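Shown next, in structure tokens, is the structure this report addresses.
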Amino acid sequence: MKLKLALAQISTKLGDVESNLEKHLNYIEQAKSQRADLLVFPELSLTGYVLQDLVASVAHKPTEDDPVFKHLLKASHDLDLVIGFVDEDSRHRFYIASAYLSGGKVLHVHHKVYLPTYGLFDEGRFFAWGDAVRSFDTRFGRVGLLICEDFWHASPPYLLWLDGADIMLFSSASPGRGLNDREKLESARWVERVSKAYASMFTSFVAHCNRVGFEDGLLFWGGATVNDPNGELIAQGPYFEEALTFAELDLNQLRRTRARLPLLRDERTALVQKELNRILSRG
Amino acid sequence: MADLTINTDVAREILTGFIRSEVTRVGYSRAVINLSGGLDSALSLVLAVEALGAENVFALRLPYRTSSPDSLEHAQLLIDQFQVPSETIDISDMADPLIRHDPNISNVRKGNILARMRMIVLYDRTEVFKGLPIGTSNKTEILLGYSTLWGDMASAINPIGDLYKTQVRQLSRALDIPAPIIDKAPSADLWAGQTDEGELGFTYERVDQLLYLLVDQRYSPQECIEEGFDEKFVHTVITRIRRNQFKRMMPPVAKLSNRTVGYDFLYLRDWGT
């Protein structure tokens, strides 16, 4: 089975959901015309990233009666979508969220579980922490969503893997930083390195979609990637500019790779659990 | 020795993208730059030209009667090489009445007056040319506070504020800025014979090394001393950084209400764009 994946590394207008929705619908049309099966947008793609006090005013619920999501849900009859947005729960907690839409339905919503609140980041001040890492079934098999800092930690991809995800979809709003004499920014090199590592260690497809554009002095670097279960890079978007990057995922590769390299079969989860229990109960 | 070398292709792409994005998203297409004849403003000019097109960048030469003729010439070299529209306005007649007001005026006060006078002309010309004023302060001088508040620090956006002076030189070489401008001793040219390094008491080469360890690499003062920096030099620089924090901030507002500008009324400048 093959899956034509599209990654939309877009720039957004900060706090202007209507204008960002329009851009989403444009990219959806483009991806559709290229016969993509699944289109992934970056972190907070509907709102922009450094929201600060804008958070409450840009929040939306991924439901059919929502003025923004009704358009996206309708579009998801043609191809599956991953949308970045601010989710507000019934008790008015705001989350950095990604929704997986397919066939007019919301299959899954992931709330970012690691909110970087250090250095140039201040997410913990404005957002609630997600408290679940779950894989879910799609028409392409089992999928997992993570958002930026989530995959700077090793445990969320590991949990998705054990929960059955063969396709991991990472989205980011990663500000470029760490310019030195190399051709790539340090932030880009780090993310590319770990994406490749997760694909290799978990013998899974790992796609990453990062936004582009400036917010004040911060430049988001783009550079979408897709790595296959052998850890080989099969698609790469450009840096710093908007682009729609396509990758054809041959899902049969999962079988071939895992027949050769049975890391999943041999993973000793009971051992992990036992040792974690011991470590965490040390007091 | 720490390596402060940057990839100039990446820096160029990011900084021109920054100027283009931040100028156009607020409805402008043009920029105005106070071209002193020194390297920092030369670099800002060249980046702006690449970002917006030469016809959209207006260069101002604002000499004072004691300014070095080299400064004017070097600014003209750039204007000719990059074919930007320009204007020369002598600020002597504007500044002198205030300077003459006090016969005992110090060089520092005089320098501040000239820097602020240039700011007034720069902002006035932005209105005429319908452009945004582009900043020309580098990271070294921002950290050391070697600048005039509301004078040469005033701008709408600053493309070179995260480049140390030695990195400004490296990028300038890559962008074909004429060698005499790169090679001359940096100077605010506020009085005859003034040089940055003479006034600061250390070279940019040396202080950039120290700043890079202290700021970028988060070394402790003691670790810097262990790396071979003189103890007195380290403490002088740290004191300068701390004492000049006020120049890097908007004036604090005294909090009274539940929501106060600067504390809990938080929006980026790019809000809504």
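Quick one: net charge of B:W191's neighbours, Cβ under 12 Å, K/R +1, D/E -1? The answer is +1. Using only Cα atoms, locate the centre of segment A:217-283 and the centre of segment B:246-260, then give the distance between them in Å, rounded to an integer. A separation of 45 Å, based on Cα centres. Among A:R142, A:R211, A:R193, which one moves the most in a GNM of chain A with springs linking Cα atoms closer than 10 Å? Checking each option, the largest mean-square fluctuation is seen for A:R193.
Within 10 Å of each residue's Cβ, count the other Cβ atoms and sort B:I134, A:I28 from fewest upward.
Listed from fewest to most nearby Cβ atoms, that is A:I28, B:I134.
The C-alpha atoms of segment A:181-283 occupy a region whose extents along the principal axes are 47, 43, 24 Å, arranged from largest to smallest.
Each of B:T8, A:T225 has some number of other Cβ atoms within 10 Å of its Cβ, and from fewest to most they run B:T8, A:T225. A Gaussian network model of chain B, with springs between Cα atoms under 10 Å, assigns the largest mean-square fluctuation among B:A31, B:A54, B:A179 to B:A179. Panel values: segment B:8-185, Kirkwood radius from alpha carbon pairs, Stokes-Einstein at 37 °C and 0.692 mPa s, translational diffusion coefficient 201 µm²/s.
Subtracting the Cα-Cα distance of A:E248 and A:D137 from their residue separation scaled by 0.36 nm leaves 38.0 nm.
Given a cut-off of under 8 Å on Cα pairs at least six residues apart, what relative contact order in percent is computed for chain A? Let's see the in-between values first.
On the way: 636 pairs, mean separation 50.4, N = 283.
Once normalised by length, the contact order is 18 percent.
For the residues A:F240, A:F85, A:F170, a GNM of chain A with alpha-carbon springs under 10 Å puts the largest fluctuation on A:F240.
What does the extension gain come out to for A:A270 and A:D181, with contour length at 0.36 nm per residue minus their alpha carbon separation?
Numbers: separation 89, 0.36 × 89 = 32.04 nm, distance 4.53 nm.
Taking 0.36 nm per residue and subtracting the Cα distance, the gain is 27.5 nm.
The packing ranking, built from the mean of other Cβ atoms within 10 Å per residue, places the peptides B:224-233, B:209-218, A:4-13 in the order A:4-13, B:209-218, B:224-233, highest first.
Relative contact order, percent, of segment B:8-185 when contacts are C-alpha pairs under 8 Å separated by at least 6 residues?
Details: 285 pairs, mean separation 47.8, N = 178.
Reported as a whole number, the value is 27 percent.
Projected label points at A:H153 and A:E241, each 7 Å from Cα along the beta carbon direction, are separated by 3.8 nanometres. With R₀ fixed at 30 Å, the C-beta to C-beta distance from A:D66 to A:R193 puts the FRET efficiency at about 0.20. Dipole size of segment A:2-280 about its Cα centre, with +1 on Lys/Arg Cβ and -1 on Asp/Glu Cβ: approximately 1020 debye, rounded to the nearest 20.
In order along segment A:175-186, phi translates into HN-Hα couplings of x, x, 7, x, 7, 9, 7, 7, 6, 10, 5, 4 Hz, rounded to whole numbers, per the Karplus curve 6.51 cos²θ - 1.76 cosθ + 1.60 with θ = phi - 60° and x for Gly and Pro.
What does the net charge come to around B:M94 if you take all other residues with beta carbon closer than 15 Å to its beta carbon, with K and R at +1 and D and E at -1?
Values: positive: B:R61, B:R65, B:R100, B:K110, B:R116, B:R118, B:R125; negative: B:E87, B:D90, B:D93, B:D96, B:D124.
Once all neighbours under 15 Å are counted, the net charge is +2.
Note down the magnitude of the dipole of the protein assembly as shown about its Cα centre, charges +1 on Lys and Arg C-beta and -1 on Asp and Glu C-beta and zero elsewhere, to the nearest 20 debye.
Dipole of the protein assembly as shown, to the nearest 20 debye: 1300 debye.
Scattering from segment A:2-280 was approximated by placing one identical point on each alpha carbon and applying the Debye formula without solvent; log10 I(q)/I(0) at 0.07, 0.12 1/Å stands at -0.23, -0.70.
Quick check for you: which residues of segment B:236-259 have the amide N under 19 Å from the point 7 Å beyond the Cα of B:W150 toward its beta carbon? From segment B:236-259, the list is B:244-254.
Here the average projected area of the convex hull drawn through the C-alpha atoms of segment A:1-145 stands at 8.6 nm². Peptide B:262-273 is shielded by partner chain Cβ atoms: per residue, an average of 6 of them sit within 10 Å of its Cβ. Each part gets one Cα centre, and for segment B:199-234 versus segment A:157-193 those centres are 33 Å apart.
Given the Cα atoms of the protein assembly as shown, and with Rh set as the inverse mean 1/r over their pairs in the Kirkwood sense, what is Rg to Rh to two decimals?
1.03
Only four residue types carry charge here, +1 at the Cβ of Lys and Arg and -1 at the Cβ of Asp and Glu. Report the dipole size of segment A:130-283 about the Cα centre in Debye, rounded to the nearest 20. Don't skip to the end; give the middle numbers.
On the way: 19 positive and 21 negative charges, 162 e Å.
Approximately 780 debye in magnitude.
Neighbouring Cβ atoms within 10 Å as the yardstick, rank A:K74, A:K184 fewest first. It would help to have the intermediate numbers written out before the result.
Details: A:K74 13, A:K184 18.
Taking fewest neighbouring Cβ atoms as first place, the list is A:K74, A:K184.
No value in this document is a laboratory result; all are computed from the given coordinates. Keep in mind the model is a prediction, meaning the values are calculated, not measured. Glycine also receives a Cβ, built like all others from the backbone with ideal geometry; neighbour counts cover every protein chain displayed.
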